């Protein structure tokens, strides 16, 4: 599965595509970089350049899924939030027009998926990106590192959900569907079995 992470921004949008193995195989970088619209252009021209750049990446990488970072709920500068919203919308549009499934992850979910807690520092995330992708150095600029972190977090969460579905399938095949066994155990006066 190829996962494309996008860290949207109007000045610079980072992207990072990884190939994620289904059973915990090593993950590798397929492609990573930035899309940087010309800051001297008007807003609509920069958005068009961003769209074209993201579309080109989608065509080059052919990802199975795109993951875009959610906007924070609080910004010190509301103008920044508005511009980020524009950039994020363009990235979502490009994925939608390409017919690629789109998922959203908040920055704290990325931190939990990679480090184990939502309060992790950027440096900790960067070190995990380097370790998990077997890189020699932290990717530059940090927008690329953030995009790769998004892709890794999605791949880790997706792999975990697949394992849970597999366990549920085995339990169901053996007559131990979790919800049914809980109800059955409760009817007999025992607590849940699973």
- Message: Looking at (1) under 13 Å from the mean Cα position of the chain (by Cα); (2) under 26 Å from residue 83 (Cα atoms), which one does residue 20 not meet, given that it meets all the others?
- Response: (2)
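Here's a check for you: in region 1-21, which residue that is outside any strand (DSSP E or B) and touching a residue at least 24 places away in the same chain (Cβ under 8 Å) is surrounded by the fewest Cβ atoms within 10 Å (Cβ to Cβ)?
Start the filter on region 1-21 by keeping residues that are outside any strand (DSSP E or B), which leaves 1, 8-12, 20-21.
Filter once more, so that each one left must be touching a residue at least 24 places away in the same chain (Cβ under 8 Å): 1, 8-12, 20.
Working: 1: 15, 8: 26, 9: 22, 10: 22, 11: 13, 12: 18, 20: 23.
Out of the qualifying residues, it is 11.
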- Task: Would you confirm whether any residue within region 45-63 is out of contact with any helix residue (DSSP H, G or I) (no Cβ under 8 Å at 6 or more places or on another chain) and at pLDDT below 95?
- Result: no
- Given the conditions (1) buried (at least 16 other Cβ atoms within 10 Å of the Cβ); (2) within 26 Å of residue 128 (Cα to Cα); (3) touching a helix residue (DSSP H, G or I) at 6+ places or on another chain (Cβ under 6 Å), and given that residue 31 satisfies all but one, which numbered condition is not satisfied? (1)
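So if I check each of 109, 94, which one is out of contact with any strand residue (DSSP E or B) (no Cβ under 8 Å at 6 or more places or on another chain) and at pLDDT 95 or above?
On the way: 109 fails: at pLDDT 95 or above.
Of the residues listed, the single one that is out of contact with any strand residue (DSSP E or B) (no Cβ under 8 Å at 6 or more places or on another chain) and at pLDDT 95 or above is 94.
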- Kindly state which helices (runs of 4 or more DSSP H) lie completely within region 39-118 and contain at least 2 residues that are in contact (Cβ under 8 Å) with a residue 60 or more places away in the chain and buried (at least 19 other Cβ atoms within 10 Å of the Cβ). 78-98
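Considering only residues that are over 22 Å from residue 88 (Cα atoms) and under 17 Å from the mean Cα position of the chain (by Cα), which ones fall in region 128-142? Spell out how you get there, then give the answer.
First, the residues of region 128-142 that are over 22 Å from residue 88 (Cα atoms): 128-138.
Hits for region 128-142 are 128, 129, 130, 132, 133.
The values are calculated or read from the model by the stated rules, or taken from the named source; none is laboratory data. For clarity, every value in this text was computed on a predicted model and none was experimentally measured. Quick reminder, even Gly has a Cβ in these numbers, built from the backbone with ideal geometry, and neighbours come from all protein chains shown.
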